[in-house]
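Data first, discussion second: the structure below is written as structure tokens.
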Amino acid sequence: MDQVAKPLQILQNALNKNVLVCVKGNKEYRGILTGYDQHMNLVLKNAEEFSDNQSKGTYPIVVVRGDNVIYISPS
Amino acid sequence: MDQVAKPLQILQNALNKNVLVCVKGNKEYRGILTGYDQHMNLVLKNAEEFSDNQSKGTYPIVVVRGDNVIYISPS
Amino acid sequence: MDQVAKPLQILQNALNKNVLVCVKGNKEYRGILTGYDQHMNLVLKNAEEFSDNQSKGTYPIVVVRGDNVIYISPS
Amino acid sequence: MDQVAKPLQILQNALNKNVLVCVKGNKEYRGILTGYDQHMNLVLKNAEEFSDNQSKGTYPIVVVRGDNVIYISPS
Amino acid sequence: MDQVAKPLQILQNALNKNVLVCVKGNKEYRGILTGYDQHMNLVLKNAEEFSDNQSKGTYPIVVVRGDNVIYISPS
Amino acid sequence: MDQVAKPLQILQNALNKNVLVCVKGNKEYRGILTGYDQHMNLVLKNAEEFSDNQSKGTYPIVVVRGDNVIYISPS
Amino acid sequence: MDQVAKPLQILQNALNKNVLVCVKGNKEYRGILTGYDQHMNLVLKNAEEFSDNQSKGTYPIVVVRGDNVIYISPS
């Protein structure tokens, strides 16, 4: 199983890079991933929230709870 | 993994500061974070509740259950 | 982490005092907190149930399951 | 913490007495509590089911799964 | 706690008898309980499925996942 | 408890036979059960997906996550 | 139980191949499976997102959280 990319390793590689995070309820967050833990709780810096593709506000720092995350995409 | 900001560490840094907490069902709480635990259960002081951006009331102290939290943003 | 108010400690401090409990589905309970456990299951005495701000009945004693609790506010 | 009424202790005290059980989806059960376990799975004897306050049937014995319970009130 | 009827014990007593199983989404199953496990996963023989009180089909054997069970009633 | 049919044992007996799997959201899968694990994650071969009784496509192999399974019926 | 295909083994066999992943809320992802873990968190490369059969965008890499996965089909 050497060639398997573990999901948390992808998060580790995405540190300090832009990511798109999609959570339940059609909400999205774009920002710089500055942290995470094994539950996929995420820390984003300079994050913008989108709901149905409309910007809903920006946050200097935001902790997104992993339980509601659908996907995370480094960009 | 030294430079990773753990989500709970962000909460620790936000103690006694204003935070915005968004929970399922389009509810938001603004108040001073005075406590938390490893389940992301939160204690807010002087909290105001918003539903669909309308103020719904204020609470001297409120314990928000972590299970329903979508995100927490120190402001 | 000495100054952190643990959520369960807030419940302990609220024993025998009035609390407002909000659960999923827009239901609220007001009563005297007489017990709790580590899952945030709660025991309320002389509790009144509200749904969409309408009183729905009173209960001499009620055990509210923690899983559905959104927040608890001592008043 | 001597004076704390543990939720399961309330169930223990309610054994062989009438209880009202409210579960998700606006369903209620009234009957005699004859058993429970630590997950708040419940056993009711001579139970009547209500949905939106309409009687929906009676059951000599019913096991209600704790996961969907919102509250239990001994009466 | 000698006189407490444990929920799983009720299932044990109901083996090889007719039961009514109600699951989330207004679905019901009537059949002979031939097995269960500690998660309340159930095995029914000669089961009939009902949705909103309409028969939806019969199954010689069906494994119902405990997670979605609301109640089980031996009849 | 010798005569109890354990749910996972039913799956074991159903290996390499046709099964009907119903998951949340009114989706059904018909195919040959070629594997499972203790979480009731399932492997189906030559599976056809149905939504509201309409065929939605076929899959040479599909892994169905146990968490969303409502029932499994060997046919 | 030698002939049982374990669900995670199917994912292992699907590494570096195209898969279709269906998640709750009628969302689908097509891409090359480059990783997974025991929670069925998945890593897809060159992934395309579909919602109600409409393409919604492409992602060079995406981590899909296992909790919301309904099924995975290697193609």
* Structure fact -> Quick count over segment E:20-45, residues being more than 23 Å from D:LYS56 (Cα to Cα) and out of contact with any Lys or Arg (no Cβ under 9 Å at 6 or more places or on another chain), is 2
* Asked: Quick check: anything in segment F:38-45 farther than 30 Å from E:ASN13 by Cα and among the β-branched types (Val, Ile, Thr)?
  -> yes
* Structure fact -> Scanning segment G:46-74 for residues that are of a type in the set (S, T, N, Q) and over 10 Å from the mean Cα position of the chain (by Cα), the one nearest to G:ILE10 (Cα to Cα) turns out to be G:ASN68
* Of all residues in segment C:23-75, how many are in contact (Cβ under 8 Å) with a residue 60 or more places away in the chain and at the interface with chain D (Cβ under 8 Å from one of its Cβ atoms)? -> 0
* Kindly establish whether F:PRO7 is in contact with a His (Cβ under 9 Å, 6 or more places away or on another chain) and either within 8 Å of another protein chain (Cβ to nearest Cβ) or touching a residue at least 24 places away in the same chain (Cβ under 8 Å) (or both). => yes
* To do: Kindly list the number of the only condition in (1) in contact with a strand residue (DSSP E or B) (Cβ under 9 Å, 6 or more places away or on another chain); (2) under 19 Å from D:LEU42 (Cβ atoms); (3) of a type outside the set (Val, Ile, Thr) that fails for C:PRO7.
  => (2)
* **E:LEU20 within 22 Å of D:GLY25 (Cβ to Cβ), at pLDDT 95 or above and surrounded by 14 or more Cβ atoms within 10 Å (Cβ to Cβ)** => yes
* Structure fact -> Being touching a helix residue (DSSP H, G or I) at 6+ places or on another chain (Cβ under 6 Å) and surrounded by fewer than 23 Cβ atoms within 10 Å (Cβ to Cβ) narrows B:ASP37, B:ASP67, B:ASP52 down to just B:ASP37
* Structure fact -> Only one of (1) surrounded by 16 or more Cβ atoms within 10 Å (Cβ to Cβ); (2) without any contact (Cβ under 8 Å) to a residue 60 or more places away in the chain; (3) more than 9 Å from the chain's Cα centre (by Cα) does not apply to G:ALA14, and that is (2)
* Report whether or not F:LYS27 is among the charged types (D, E, K, R), over 14 Å from G:ILE72 (Cα atoms) and either within 9 Å of the chain's Cα centre (by Cα) or at pLDDT below 95 (or both). => yes
* Kindly indicate whether G:ASP52 is more than 30 Å from F:LYS17 (Cα to Cα) and of a type in the set (Asp, Glu). => yes
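The values are calculated or read from the model by the stated rules, or taken from the named source; none is laboratory data. The structure displayed is predicted, hence computed values, not measured ones. Using ideal geometry, Cβ is built from the backbone for each residue, glycine included, and neighbour counts are taken over all protein chains shown.
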